[in-house]
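A quick write-up on the structure given underneath.
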Amino acid sequence: MQVSGQKIVVLGTGGTIAGTSATAGDNIGYIAAQVGVEQLLGAVPGFQAFVHGTLVTEQVAQIDSKDMDVDVWRALALRCIHHLADPEVRGLVITHGTDTLEETAWFLQQVVDTCKPVVLTCAMRPATALAPDGPQNLLDALAVAQMPGATGVLVVAAGEIHDALHVQKVHPYRVQAFSSGDAGPVGWVEEGQVRLVQNWPTALAQKALNAIENIAKAPNWPLVEIVMSHAGASGTLVDALVREGVRGIVVACTGNGTIHQVLEAALLRAQAAGVRVVRSTRCPEGQVIPKPGDQLPDARGLSPVKARISLVLDLL
Ligand code: ASP
């Protein structure tokens, strides 16, 4: 689609960026998702001058992203698709909590087919902090959403631009909480200017179209759980999940996709019973490198949480 317009749509979903604490300057004892998206923009000094067209806001949800669920994802995906279909819209910005940001980014990357940018942003400090990081992140996200040629689902935080595939929250407290590991960021935002060092990510079109139709229709998504392999692991969880009717299991494996022998036996039983089992690694960097004779398929470079989303969408 030709992008003719200059409209930017900012969708609010909550998170620390919209969080407030009773004591000014409290960075951890706050309540997430308190401030509306319109008010968040109002707290960015001079943002109007910065936006080269119209700006529209919409509150899609107001949650702590640790509680992200299927209903919010479905609503968010449908609102994204609705706005992106408008030729007047240049791009989207989504305000979101940091906890599951990478999961929402990966989910949207798979279900939203667009040549326009969808930019998620967040904050590690609540709106009431002495030095909130939300306003600058929001401004940086707007800069990316307006950038000619920008495309794909992106995460902008602490001056860095990450793609949905590689980005991960790697720190529970510091402001620079995200990393793309070995891949590195796609680029940076510096004083409103985007400095790119990699190509913009591309949409996963065909998959997206099927997925979104099924997502919109399916009242319940298939049960897919993550189990971790570790010293002393047992098969108890896996056996219980199979009894519960689990459709898929992602294993956060040790190292290069290795699994404790007792857990592995349970997983092989589950696979034989028809459960889709996928191996990812619990290592924060790198990915499982498959080898001939592997009995359980690997996650093709996805982290456990992203492999879970892909498996859910596959099963849908
Ligand atoms: N728990 C918050 C959330 O994910 C954390 C944050 O936004 O930094 O919504």
Suppose the filter is within 16 Å of the ligand (Cβ to nearest atom) and either surrounded by 24 or more Cβ atoms within 10 Å (Cβ to Cβ) or farther than 25 Å from Gly301 by Cα (or both); does Leu76 pass it? yes
Going by the structure shown, is Gln39 outside any strand (DSSP E or B) and away from the ligand (no atom under 13 Å from the Cβ)? yes
Do we have any residue at all in the stretch 18-27 that's surrounded by 23 or more Cβ atoms within 10 Å (Cβ to Cβ), in contact (Cβ under 8 Å) with a residue 60 or more places away in the chain and touching a helix residue (DSSP H, G or I) at 6+ places or on another chain (Cβ under 8 Å)? yes
Filter the stretch 84-93 down to residues that are of a type in the set (A, V, I, L, M) and in contact with a helix residue (DSSP H, G or I) (Cβ under 9 Å, 6 or more places away or on another chain) and give me whichever is nearest to the ligand (Cβ to nearest atom). Val93
Single unsatisfied condition, Thr236 versus (1) exposed (fewer than 13 other Cβ atoms within 10 Å of the Cβ); (2) more than 26 Å from Leu267 (Cβ to Cβ); (3) at pLDDT 95 or above; (4) hydroxyl-bearing (Ser, Thr, Tyr): (2)
Single unsatisfied condition, Pro45 versus (1) touching a strand residue (DSSP E or B) at 6+ places or on another chain (Cβ under 8 Å); (2) more than 16 Å from the ligand (Cβ to nearest atom): (1)
Of residues in the stretch 7-27 being hydroxyl-bearing (Ser, Thr, Tyr) and assigned to a loop (DSSP other than H, G, I, E, B), the one farthest from the ligand (Cβ to nearest atom): Thr23
For the list (1) more than 16 Å from the ligand (Cβ to nearest atom); (2) in a helix (DSSP H, G or I), I need the number of the one condition that Lys66 fails. (1)
Subset of the stretch 94-133, residues part of a helix (DSSP H, G or I), more than 8 Å from the ligand (Cβ to nearest atom) and within 11 Å of the chain's Cα centre (by Cα), comes to Glu102, Glu103, Thr104, Ala105, Trp106, Phe107, Leu108, Gln109, Gln110
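The values are calculated or read from the model by the stated rules, or taken from the named source; none is laboratory data. Worth saying up front: this structure is predicted, and the values here are computed from it rather than measured. Note: ideal-geometry Cβ built from the backbone for every residue, glycine included; neighbour counts use all protein chains shown.
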